[in-house]
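The values are calculated or read from the model by the stated rules, or taken from the named source; none is laboratory data. What you see is a predicted model; the values in this text were computed from it and never measured. With ideal geometry, Cβ positions are generated from the backbone for all residues, glycine too; neighbour counts draw on all protein chains shown. To get the accessible areas, we keep the full protein, side chains included, count just its heavy atoms, and leave off ligands, DNA and RNA. Shrake-Rupley method; radii C 1.70, N 1.55, O 1.52, S 1.80 Å.
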Amino acid sequence: MPASNSSHLVLVGAGHSHLEVLRRFGRRPLDGVELAVISPGRHHLYSGMVPGYLAGTYTEEQIAVDVEELTRRAGGRLLRGRTVGLAADRRLVLVEDDPGQVREVPYDFVAFAVGSNTAGAEQPAVARHAQLAKPIGRAVELRRRMIELASREEPGDVTVVGGGAGGCEVALAAAAVFAAAAAPHRVSIVESGKEILAGYSARFRRKALRLLDGRGIARRTGSRVAAVQTAEVELENGSRIPSRLTIWLTGPVAWPIFRGSGLPVDERGFLLTDGALRSIADPRVFASGDCGTLAGHPGTPKAGVYAVREGPVLWRSLAAALSGGEPPRYRPQKGFMSILNTADGRALLSYKGLASHSRWAWLLKDRIDRRFVARYR
């Protein structure tokens, strides 16, 4: 327990914005603040480099941030465990250390940067037979399964459920792993919507479709998954797709942390926040990145670029809450640059009407990603 004259700040999760808060704490500690970070593991894998890791471009070490060391430099302590709930009325975070064992972590102020879950991941058949991509630490297991499947003599049937940017990157990474092993394979993308990469320009999608066709990646659009089995995926129309590895990458929904907290959430369960990234009902609770929804800008995409931009905002907001002062007012940018790793030494870039599949786009992405990770080492 913190001393009576101290404020107990708890950071839940090691998302992009919390990494920046920890870095700034290390440079300029706030007096009278007891800091704790709750995270399932010591290391955080940077999501922007995960497709490259899956394809074999990066090692695990190259994409990992040592959260324990970053927390130590910030003068805090790391609490290992999985956060399962919030009791805002009692100012307690509920943390599962071992299955079935939940402890209560008290706070004066608490901030969440836990990202998002994947829609449908809670379905028993999905949880049992599909490879989930979140939390991001599961990338290590996914990479291991890809390599193991590519070592077999029979064709490696891989199905990616979800045709967004992440689904396309993972499908391309899987195809690259099999191609590098000269292993027979069939990679498919299943998307419930009418098209993959919805929200991108028609020009960008055309480039992406040509690329997927060139890698032999099949697409099923307008198709919903009815069931996932050990060796196949069944669609609602009754058709079946052979699949030894089914990767679940559908749209974002909230982790169940805020259920029962008594705090307002949006229709997907994300905490509603104001311009200072505080709960609209409780100024002691903060959320940034995917796990929060700005009440004034509810259509803001769940994309990592916004979490990165929110890091300095969260720091100023927490400093104002802890030390006094005027909180910031964050207004998200209207658009952002999107760069998809295509696992061939190039990348697909989309920005203000520009669409490019090029080596220079990859070099730009690689530079941005490496610089981000280096910032927290």
Would you please list the contacts, defined by Cβ atoms under 7 Å and residues six or more apart or on different chains, that run from a residue in region 119-132 that is within 17 Å of residue 164 (Cα to Cα) to a residue that is among the polar types (S, T, N, Q) and part of a loop (DSSP other than H, G, I, E, B)?
119/250; 120/250
Please enumerate the residues belonging to region 173-195 that are open to solvent by 10 Å² or more (accessible area, probe 1.4 Å) and within 20 Å of the chain's Cα centre (by Cα).
191
Quick one: in region 141-163, which of the residues that are open to solvent by 20 Å² or more (accessible area, probe 1.4 Å) and touching a strand residue (DSSP E or B) at 6+ places or on another chain (Cβ under 8 Å) is farthest from residue 254 (Cα to Cα)?
155
Of these, 113, 133, which one is under 26 Å from residue 61 (Cβ atoms), out of contact with any Cys (no Cβ under 7 Å at 6 or more places or on another chain) and either buried (at least 17 other Cβ atoms within 10 Å of the Cβ) or aliphatic (A, V, I, L, M) (or both)?
133
Here are some conditions: (1) surrounded by 23 or more Cβ atoms within 10 Å (Cβ to Cβ); (2) closer than 30 Å to residue 31 by Cβ; (3) of a type in the set (Asp, Glu). Residue 282 meets all but one. Which one does it not meet?
(1)
Right, residue 304: open to solvent by 10 Å² or more (accessible area, probe 1.4 Å), modelled with pLDDT under 95 and under 30 Å from residue 180 (Cα atoms) or not?
yes
Checking residue 44 against (1) under 30 Å from residue 174 (Cα atoms); (2) over 17 Å from the mean Cα position of the chain (by Cα); (3) open to solvent by 20 Å² or more (accessible area, probe 1.4 Å), which test does it fail?
(2)
Filter region 256-295 down to residues that are within 21 Å of residue 311 (Cα to Cα) and either modelled with pLDDT under 95 or of a type outside the set (A, V, I, L, M, F, W, C) (or both), then give me how many there are.
13
Look through 71, 83 and report the one residue that is of a type in the set (Ser, Thr, Tyr), more than 19 Å from the chain's Cα centre (by Cα) and either modelled with pLDDT of 95 or more or not in a helix (DSSP H, G or I) (or both).
71
Could you look through region 201-212, keep only residues that are surrounded by 16 or more Cβ atoms within 10 Å (Cβ to Cβ) and of a type outside the set (Lys, Arg), and pick out the one that is farthest from residue 146 (Cα to Cα)?
204
Residues of region 50-96 being closer than 23 Å to residue 265 by Cβ, open to solvent by 40 Å² or more (accessible area, probe 1.4 Å) and touching a strand residue (DSSP E or B) at 6+ places or on another chain (Cβ under 9 Å), which ones?
82, 84, 90, 91, 94, 96
Looking at 245, 271, can you tell me which residue is surrounded by 17 or more Cβ atoms within 10 Å (Cβ to Cβ), closer than 22 Å to residue 225 by Cα, touching a strand residue (DSSP E or B) at 6+ places or on another chain (Cβ under 6 Å) and of a type in the set (A, V, I, L, M)?
245
Filter result for the condition that a residue is free of Cβ contacts under 8 Å to residues at least 24 places away in the same chain and farther than 30 Å from residue 149 by Cβ, over 289, 269
269
State which residue is nearest to residue 16 (Cα to Cα) when the search covers only region 325-377 and only residues that are of a type in the set (A, V, I, L, M) and not in a strand (DSSP E or B).
373
Criterion (within 17 Å of the chain's Cα centre (by Cα), farther than 30 Å from residue 33 by Cα and not in a helix (DSSP H, G or I)) met by exactly one of 170, 160, 140, 114
160
Among the residues of region 27-47, what is the count of those that are of a type in the set (Gly, Ala, Ser), at pLDDT below 95 and either under 17 Å from residue 68 (Cβ atoms) or outside any loop (DSSP other than H, G, I, E, B) (or both)?
2
For region 310-369, name all the residues that are among the β-branched types (Val, Ile, Thr) and either more than 23 Å from the chain's Cα centre (by Cα) or closer than 30 Å to residue 173 by Cα (or both).
339, 342, 368
Can you name every residue in region 328-346 that is open to solvent by less than 30 Å² (accessible area, probe 1.4 Å) and under 18 Å from residue 272 (Cβ atoms)?
328, 330, 332
Do we have any residue at all in region 157-174 that's within 30 Å of residue 283 (Cβ to Cβ) and touching a residue at least 60 places away in the same chain (Cβ under 8 Å)?
no
Taking the conditions exactly as written (open to solvent by 10 Å² or more (accessible area, probe 1.4 Å) and within 20 Å of residue 139 (Cβ to Cβ)), does residue 198 satisfy them or not?
no
